[in-house]
Amino acid sequence: MAKCKHVHVNDPSRQFVLILKELSSYEDVGKILRVEGECGMSSQDMDFEAEQLSQTVHVEIAQAKSYLDTPYSQGTVWKRSSESLLNKLKHMKSFFGLEGNGQVTSETFELRKQPRCGVPDMAGYHFFPRKIKWPVLDLTYRIVNYTLDLSWEEVDQAMQEAFRVWSDVTPLHFTRISNGTADIMISFGSKEHGDLVPFDGPLGQLAHAFPPGDNIGGDVHFDDDEKWTNDSRDFNLFMVAAHELGHTLGLHHSSDPEALMYPLYTYRDLKDFFLSEDDIEGIQVLYGPKKRTISAKAPQKCDPSFSTDAVAEIHGEKIIFKDIFVWHHNLQMIHEDWIAIDSLWPELPNFQVDAAYYSPEKDLLFIFRGKMYWALKDYKILSGYPQKLYDLGFPSHVQRVDAAFYDVKSRKTKFFTRDQLWSYDERFHSMEHGYPKRIMEEFHGIVHKVDAAYQQN
């Protein structure tokens, strides 16, 4: 049998081969490695001696073991997987948007080096076998100790703002206590810190949290070997805390890079920080939306400052959306008044609509909110909805649709997002080539964001 070519240990993908050899059977390694030239991956070909490896590679092996094994080895806390290494890597690559096969590439190798949450990534291997949430909406938290990187006041403020991220979109209420045992105990520690899930020193795992429950359940631990800040330097405590609190409330990791619950650390400008629709949808599945304290007073149609959120026309009847209300107008109606959205469509959440349009080809009303949209037939939501904007062909950076209307002449739907115009072909279910364009290219004189749009039929 031909002998395998010499392996250079300074090549990340080759280092990963050696790491995989330590982690699994030769059979799995043979399936995972992309074979090049005459290099076959039998056990004989993989006969590398440990003493051939530099000390650096031994460190890399130890770190990779920790990375790949963590999602599957937390005992009673995080359920161990019996999946083969091949399937683990397939799921991991697919989760992070890489080609979903079991082959190791330099991209795969680099994943473990990125600063991250210490909770397992892949949805199929989550630490709870079913959805877990707190049985009550009023929860307590306690900051047990502090990092020396920030003042106590700065830590307190970061935690308060992190809790507010979740209380702003749910009925949850958080109260801080100074003594005793709280539902959520927050602490800083390094290496072995009392929970059998040691930290790995600077970089790598930044923090971890435990799902809702008694004892250690709900607790959040921050690695005190990291440098914590309240700005863009090193690791922003608020950003990491808000993410970890999502876990304490029962959320899994998200594969959406725009989501707060994405496992890899990314700093965002705090002035423009917002929860993604993926985060909001996830937490509201568990606890429901925040109960609004909106005045029962409906909008005044004759108010000179009145503006609409969305407009659609169905069989000659205008449907106008404003706040959580809807007004439908036709020539046969004698009395016209605003009603709550969920009174007209009981299955639809009672939220403020971003955009809406009616497709005569499909005889469906489409309603948009954030990164989600619903299809309605009469007063019912179609099965399979809501769906996400990228299902229509929008890129991931489009967070919402400002306005939309169906163009009868071209049989295409026009979408407005900030200063851009998109064209969706209803017949072929795809975005039209050549878009997006600047809105002013087709609608001369419109240079600002569009609030609502519809076409008079």
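Every read-out reported here was derived from the displayed coordinates using simple, explicitly stated rules and does not represent laboratory data. Source: prediction; values computed, not measured. All Cβ positions, even for glycine, are placed from backbone atoms using ideal geometry, and neighbour counts span all protein chains on display.
For a paramagnetic label modelled on His328 (point 7 Å from Cα along Cα→Cβ), amide N atoms under 14 Å away belong, within segment 374-394, to 376-381.
At a Förster radius of 51 Å, what calculated FRET efficiency corresponds to the Cβ-Cβ distance of Gln455 and Thr140, to the nearest 0.05?
Efficiency, from the Cβ-Cβ distance: 0.45.
Between the beta carbons of Gln387 and Asp337, assuming R0 = 45 Å, the FRET efficiency works out to 0.90 to the nearest 0.05.
Full extension of the chain between Asp168 and Glu361 gives 65.6 nm of extra length, using 0.36 nm per residue less the Cα-Cα distance. The charge dipole of segment 136-224, taken about its Cα centre with unit charges on the Cβ of Lys, Arg, Asp and Glu (plus for the first two, minus for the last two), comes to roughly 160 debye.
When the scattering of segment 349-457 is computed by the Debye formula from its Cα atoms alone, each counted once and equally, what is log10 I(q)/I(0) at q = 0.22 Å⁻¹? So the normalised log intensities are -1.38. Under a 5 Å amide H cut-off, with hydrogens placed 1.01 Å from N, Thr140 pairs with Thr175, Asp183, Ile184 among residues at least 5 apart or on other chains.
The alpha-carbon atoms of segment 164-205 define a convex hull whose volume equals 133 cubic angstrom per residue. For segment 174-273, a simple Cβ point-charge model (Lys and Arg +1, Asp and Glu -1, everything else neutral) yields a dipole of about 200 debye relative to the Cα centre.
Distances longer than 13 Å among the Cα atoms of segment 391-431: what percent of all pairs is that?
Summing the P(r) tail past 13 Å for segment 391-431 gives 51 percent.
Evaluated with a Cβ-only charge set (Lys, Arg +1; Asp, Glu -1), segment 348-457 carries a dipole of roughly 180 debye about its Cα centre, given to the nearest 20.
With a cut-off of 12 Å between beta carbons, the residues surrounding Glu161 carry a summed charge of -2, where Lys and Arg count +1 and Asp and Glu -1.
Placing pseudo-labels 7 Å out from each Cα toward the beta carbon at Lys271 and Asp195 gives an inter-label distance of 3.5 nm. Legend: calculated FRET efficiency, Ser151 to Ile216, from the Cβ-Cβ distance at R0 = 30 Å, rounded to 0.05, equals 0.60. Taking the square roots of five times each eigenvalue of the Cα gyration tensor of segment 397-457, the equivalent ellipsoid has semi-axes of 17, 14, 11 Å, listed largest first.
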